[in-house]
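A.B. asks: Please find one structure pasted underneath; my questions will follow.
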Amino acid sequence: MTATKPRLAWLSDPTVFEINRVPAHSDHQFFASKDQTKKLTQSLNGTWRVHLEPDLALQDLAFTKPDFDHQHFKYIQVPGHLQTQGFDGHKYVNTQYPWDGHEELRPPKVPAKNKVASYIKTFTVADELLDKPLFISFQGVATAFYVWLNGHFVGYSEDSFTPSDFELTPYLTEGENYLAVEVFKYSSASWIEDQDFWRLNGIFRDVFLYATPTTHLFDLNVSATLDDDYQTGLLTVTPTLTGELSERTLKVSLLAPDKKLVFEKIVPLSSDLKVATTITDVCAWSAERPDLYELELTLVDQNDEVVEFSTVKVGFRRFELKDGLMHLNGKRIVFKGVNRHEFDPIRGRAVTKEDMLWDIKFMKRHNINAVRTSHYPNQSLWYHLCDEYGIYLIDEANLESHGSWQKLGACEPSWNVPGNLPEWQATCLDRANSMYARDKNHPSVLIWSLGNESYAGKDIELMGDYLREKDPSRLVHYEGVTWNREFDQITDIESRMYAKPAEIEEYLQNDPQKPYISCEYMHAMGNSLGGFKLYTDLEKYPHYQGGFIWDYIDQALYQEVDGHKRLAYGGDFYDRPSDYEFCGNGLVFADRTVSPKAKEVKELYANVKLLPDQTGVTLKNDNLFIDTSDYFFTAKVLQDGHVVWQKDYRLNVLPQETKHFELDYPEVTEGEVIHEVTQRLAHDTTYAQAGFEVAFGQAVYPKLPKFVPTKAPKVVLGDVNIGLSGENFEVLLSKDKGGIVSLKYFGQEFITRTPQLTFWRPMTDNDRGAGHGFDRAMWLAAGKFAKVVDLKVETLENAVQVTYTYELPLPEKVLVTVTYTVDGAGKVNLKATYPGHANLPSLPTFGLEFKLPKRLENLSYYGRGPAENYLDRKEGSRLGLFETTAKKEVAPYLLPQETGLHSDVRTLSVTDQTGLGLKVSADQQAFSASLLPYSTMMLEEALHQDELPQVPFTYLRLLAAEMGVGGDDSWGAPVHERYWLKANEPLTLAVTFEPYQK
Ligand code: GAL
Ligand code: MG
C-alpha cells in the first residue's frame, strides 16, 4: 500500500493497515554460510528509549529526527509491554470494548482518549550485514505503529500478532542509525482485536534486522505429505527467490531424522522453481512420533561460493477429510486439546523461550496433544517447538470483534464488524495471509482458524476461501457460524463452544455432516473441570474429534499491595470497566503453579487406558501410530494403602488395539486390596525422564473399617455435661452447647469449639456463575443456625451413646441427628444423619466442620489423592496413602473458593509436629474430608488469597458427601444432576475418632 491520506487518518481507516510493508513470508532460518556461523540477522531487542504521551494533541514528530534531544525519554525493555513496565495502567475486559461507558463510539472510530508511545533505538549495523539490502522485522507490535529511520518515514502497520517487515536500505547511514517508532494504543484495528484478555500494547515481540545476500530465499513453500499408501513421502519445495538469478544454483538436500542424506538435487535458479521428489518408507510426523526431516537449501554462485544457506524442519504428514472425518496419516484423529494464550504474570504476552518450553513440556506430560493458539498467531518459536515436541495446532488468525455483536450475552449484530462490510475485507484477508505465509511450513499446524467470536459474514467467508485455495492440505475452522448459520459453509468442521455433552451427542446421533470439535469446552475457571469424563466419553462417536479446554493459563498479573506481591485480576488496578476474575481460567495458575485440575486432564487425555483386574490388566492403546514398547508398566498390590508388592513389566499392545495381560499379583487376604498398574516412560524423552508416569489404573476390592466398641467407659452424668472417660482419655458432651466440647487424649485438648454442622461449601466460580447462591442460599444458614431440639443418652453394651437432634432453620421441618458413641478404649464414633426431605434445593455438602488447634496442621490420609478431588472430578486421583499439610492443601485460586477436598477417604490423621494427634476412620462407608488453614466462611468471604486471615486454627471438614464442581461453563451451566446431593435422599457421615501417634 502507498499513503494518500494524512498520517493520523490511517489510524481510523480500516482500509489502511500497512504502508510499505514487505509481503508476508515463511519463517525459515537463513545464514551466509553453511555452518550457520555467518549470520544475516541482528537483534534489536534490549533497552530502548520511550515516551508515552496520553494527549495526542501534544504528540509531535520531532522525536523521529536523529538530532532530537531525548534525554527526558525513559528506558524500556523491548520486547515488552508499556503496561507491564509501568508506563500505562492495566485494564482487563472480556467482550465489552475497553472504552465502553467512557466514549460513545462505533466502528471504525478510534477513542479520543488514545495514547501514543514514541520509541527510539539507535543501532550500528553489524559487519556481516553491511553492504546488502537491509530489512527490519517487528514480530509483534500492538496496536498500530509508524516507523522512521534517520528521520525518513519507513512504513506503517497493524495486526498486533504477525510480523511486519520493512526495508531500511535507502535510509541507512554509516555508523549509528536512529530508529523511531510511534506506537498507538488504539486504531480501527482495536475493533477486531477485542479478545478476552488484558489490554496490553507496545513492542512486545522480538525486533531484528536482517540482510539479504545477492540472492535470497525470500519465501519457501514446503509441501510434505504422504502418498495414498501412507508410507511414501511426497515432497514439493517451492522457493521464491529475490536478487540475482543468473548463473547461480540451488542445492536442495533432505536429511532424515537420523541425519542421513535421503535426497539431493542441484537446480539452476529461475523465477518459477519447484523441486519435487518422493521418499520411500518415510518416517511420518505425528504428535505421537514427531519425526522431523531437515531440508537444507544452499544458494551457490558461479564461483561455487555459498551465497545463502537456509534450513527448515519438515514433517511428512497427511491431514484430510476422509469419509467425513478428520484423518491424520490415514487414521481418525482425536484432539486432546487446550486453548493457550501467551501469558506470563510479569511480562504479560511478551513470553520467553523458557516460558514456551515450560508450557510445551507441561502439555506433553499431561497427555495434551493439541493447542488452539487462542486467539492470534503466536510467536514463531512456538510453532517450531510444536513441530519438535509433537503438538497439533489450530492456528488462529488475529480477529475478534466480540463486543460488536454480543452485548450482555445477547446476540445483537446490528453494527457488527467485519460482517459484510467491504472496507474491512482487505484487512481481514491480510490477517489470514500473514498467518498463512509465516506458518505454512509447520507440520504441527493442521487447521487454520479464521479468528474467534466475530459473528459471521462475507468478510470472514473470504478469509476461508482464501486459505482453502492457498492451502488444500489443511482444513478451515470457524466457530462463529453457530451464531449465523447462513454462513455455515465457512467452516469445514462443526465447531462449538461450551456445548453440553447432551447437545453434542444430539449432533453426533443425527447424521452429522461435518466432523465435530469443541473449540472451547470445560471452562477451567477456579475449582472446575467437573464432569470432564462426560465429554471424553463422546470419543466413541467417530464424528466426535475432540476438544480444546478453556484454557491453559490464568491471566493474572503481579501487583504490589501493602508491601507484598500478589496475583491480581481485572479491576484490581482500579481499571474500569472490568470483568474482574474472569481472566483466570487456567489449568495452571498465572505463575505456572500447576492447579489440581491438571491431574484430571492428564488421566482423561491419556492415550493408553489401564484397567487392572483380579488377574492382570487390560491395556487399551488409543494411540494411532505407536505401540507400547517405549513404556514399561509397574504393577503394585496395595493393602490398606500400603504397597506390599511391586513388579515392572514390558507389555506391548499395538496401536488401536486392546489386550489383556496376566500379572503375578500375590494373594492378599487381609484388609482392603488394590491392584494398581501405571504406564511409565522407558527412555528419557524431550519432555520427561525415564520412569515418568504417563497414566494409571486401579482396581479396588473394598473393605471398610467398622466401629466395634470393646469395653464400657467411665460415666459422669453432670448437670450440664456428660463425661465419658477411660485410661488416657476424656470426653465431655455438653447438654447446652449442642455437641462435644472436650476430647482429650494424652492430656491434650482437641476441641476448641463444638463442631458445626455444615451444608455449605465456599462457592466456586462456577457456583457463582450458575446462580447457586440464590438457589441454595438456605443451606448457608442451615448449619450455622441449627438448634438442638432433643438430647438422648443411652447405655449400650461396651459404650455410651449420646444423640443430639437438630432442627434446621429451613422453611420445612428437617431434623438432623448427630450421635456420639464412646467406648472405654477411647474410641468416639460420630454419626451425622440428614434424613432426606422433599421440596428443598439440593445440598452443596453435608457434614461437620471442626475448628482444631493450629498445631494439628499435618494431614495424612488413605483416600483419593494427591490432588483435591470431587464427585465429578476424581478420575485423575487414585486411592492411596498421602501426606500433606493444611497449608499445602489450599489451591491458590485467584478468588478463594472451595478447595482441598478428598473423596473416598477410609482413614485420616491430623497430627502436630511430634506426630501426636487424632485418627479418624470411616465406619463402613467412606467419607470426604479436608484440612485447611481457613474455615468455610473465611473462604466464602475473601476475594483474593491475601484477604484470608492467618488464625491459630486449622479446619477439618468431615463430610458425608459434597456435590460436584461442574465446569461446562462458568456463566450458568449447573453441575450435572447426577453429581448433586438430592435433598430427598438421606446422607450419613459415619466416622470413628481415636488417639494417634505417628
Ligand atoms: C469464550 C471466548 C474466550 C473466553 C471464554 C470465557 O467465549 O472465546 O476467549 O472469553 O469464553 O472465559
Ligand atoms: Mg470473546
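The values are calculated or read from the model by the stated rules, or taken from the named source; none is laboratory data. None of these values were measured; they are calculated from a predicted model. Here the Cβ is made from the backbone with ideal geometry for all residues, glycine too, and neighbour counts use every protein chain on show. Remember, those area values only see protein heavy atoms, side chains included, never the ligands or the DNA or RNA. Shrake-Rupley method; radii C 1.70, N 1.55, O 1.52, S 1.80 Å.
A.B. asks: Considering only DSSP beta bridges where both residues belong to the chain, give the percentage that are antiparallel (nearest 5). Please list the in-between numbers first.
C.D. replies: Numbers: 235 of 263 bridges.
DSSP beta bridges in the chain are roughly 90 percent antiparallel.
A.B. asks: Shifting gears a bit: On a straight-distance basis, which lysines could pair with LYS39 in a cross-link, Cα separation under 17 angstrom, same-chain partners fewer than 8 positions away excluded?
C.D. replies: List returned: LYS132.
A.B. asks: Between the DSSP loop rule and a limit of at most 16 other Cβ atoms within 10 Å, which GluC sites (Glu not before Pro) in the range 679-764 are left?
C.D. replies: On the way: sites: GLU693, GLU727, GLU730, GLU749; in loops: GLU727.
For GluC sites (Glu not before Pro) across the range 679-764 that sit outside H, G, I, E and B with at most 16 neighbouring Cβ atoms in 10 Å, the list reads GLU727.
A.B. asks: Further question: Using a 1.4 Å probe, what is the accessible area per residue for the chain, in Å²?
C.D. replies: Result: 37 Å² of accessible area for each residue.
A.B. asks: With a cut-off of at most 13 other beta carbons within 10 Å, and DSSP calling the residue loop, which chymotrypsin sites (Phe, Trp or Tyr not before Pro) in the range 328-418 qualify? Please list them.
C.D. replies: TRP415
A.B. asks: Here is a follow-up. With 5 Å bins from zero, work out the P(r) of the range 216-319 over every alpha carbon pair and list the percent per bin.
C.D. replies: Going from the shortest bin to the longest, the percentages are 3, 13, 24, 23, 16, 11, 7, 3, 1.
A.B. asks: Also: Taking the range 701-773 on its own, what percent of its Cα-Cα pair distances exceed 19 Å?
C.D. replies: 58 percent
A.B. asks: If I take every Cα pair under 8 Å that is 6 or more residues apart in the chain, average their sequence separation and divide by the length, what percent do I get for the relative contact order?
C.D. replies: 9 percent
A.B. asks: I've got another one for you. When DSSP beta bridges are limited to those with both residues in the range 216-319, what percentage is antiparallel, rounded to the nearest 5? Could the numbers behind the result be given before it?
C.D. replies: Values: 38 of 39 bridges.
Looking only at bridges with both residues in the range 216-319, the antiparallel portion is about 95 percent.
A.B. asks: Size of the dipole of the chain about the Cα centre, Lys and Arg at +1 and Asp and Glu at -1 on the beta carbon, nothing else charged, in debye to 20?
C.D. replies: Using Cβ point charges on Lys, Arg, Asp and Glu, the chain gives about 2540 debye.
A.B. asks: When the Kirkwood hydrodynamic radius is evaluated over all pairs of different C-alpha atoms of the range 544-689, what value in angstrom, to one decimal, is obtained?
C.D. replies: One decimal place: 19.0 Å for the Kirkwood radius.
A.B. asks: Shifting gears a bit: Excluding residues on the same chain fewer than 8 positions from LYS831, give the lysines whose Cα lies under 20 Å from its Cα.
C.D. replies: LYS831 reaches LYS703, LYS706, LYS711, LYS735, LYS737, LYS744, LYS784, LYS787, LYS792, LYS851, LYS919, LYS982.
A.B. asks: A follow-up question, please. Per DSSP H run of at least 4 residues, take -39500 (n - 2.57); add these up for the chain, divide by its residues and hand me the 222 nm value, nearest 500 deg cm²/dmol. Write out the running numbers ahead of the final one.
C.D. replies: Numbers: 12 runs with 104 residues, N = 998.
After summing the helix terms and dividing by residue count, I get -3000 deg cm²/dmol.
A.B. asks: I've got another one for you. When a/c is below 1.5 the answer is rounded, else prolate if a/b is larger than b/c, else oblate, so apply that to the range 1-69 with a ≥ b ≥ c taken from the square roots of the Cα gyration tensor eigenvalues.
C.D. replies: In terms of gyration-tensor shape, oblate.
A.B. asks: Quick one: which of 838-844, 55-61, 445-451 comes out on top by average Cβ neighbours within 10 Å, and what's the full order, highest first? List each step's numbers first, then the result.
C.D. replies: Values: 838-844: 17.0, 55-61: 11.9, 445-451: 26.3.
Output ranking for 838-844, 55-61, 445-451: 445-451, 838-844, 55-61.
A.B. asks: A further question on this structure: From the P(r) of the chain, can you give the percent of Cα pairs sitting at distances over 57 Å? Intermediate results must be reported in sequence, preceding the final value.
C.D. replies: Working: 103224 of 497503 pairs.
Result: 21 percent of Cα pairs exceed 57 Å.
A.B. asks: Cut-off under 16 Å on the C-alpha distance; same-chain residues fewer than 8 positions from LYS274 excluded. Which aspartates and glutamates are left, in chain and number order?
C.D. replies: Straight-distance partners of LYS274: ASP219, GLU264, GLU296.
A.B. asks: So, one more: Counting Lys +1, Arg +1, Asp -1, Glu -1, what net charge surrounds ILE549 among other residues with beta carbon under 11 Å of its beta carbon?
C.D. replies: Its environment carries a net charge of +1.
A.B. asks: Jot down the radius of gyration and Dmax of the range 606-701, Cα atoms only, both in angstrom.
C.D. replies: Final numbers for Rg and Dmax: 13.4, 43 Å.
A.B. asks: I would also like to ask the following. Assuming R0 = 25 Å, can you tell me the calculated FRET efficiency for the pair LYS470 and THR232, based on Cβ-Cβ distance, to the nearest 0.05?
C.D. replies: In this case the efficiency is close to 0.50.
A.B. asks: Further, regarding this structure: Taking the Cα centre of each part, how many Å lie between the range 799-871 and the range 318-354?
C.D. replies: 45 Å
A.B. asks: For the range 224-295, which trypsin sites (Lys or Arg not before Pro) are both in a DSSP coil and crowded by at most 16 other Cβ atoms within 10 Å?
C.D. replies: Answer by residue number: LYS259, LYS260, LYS274.
A.B. asks: Quick check: at a probe of 1.4 Å, how many percent of the accessible area of the range 298-448 sits on carbon and sulfur atoms?
C.D. replies: 50 percent
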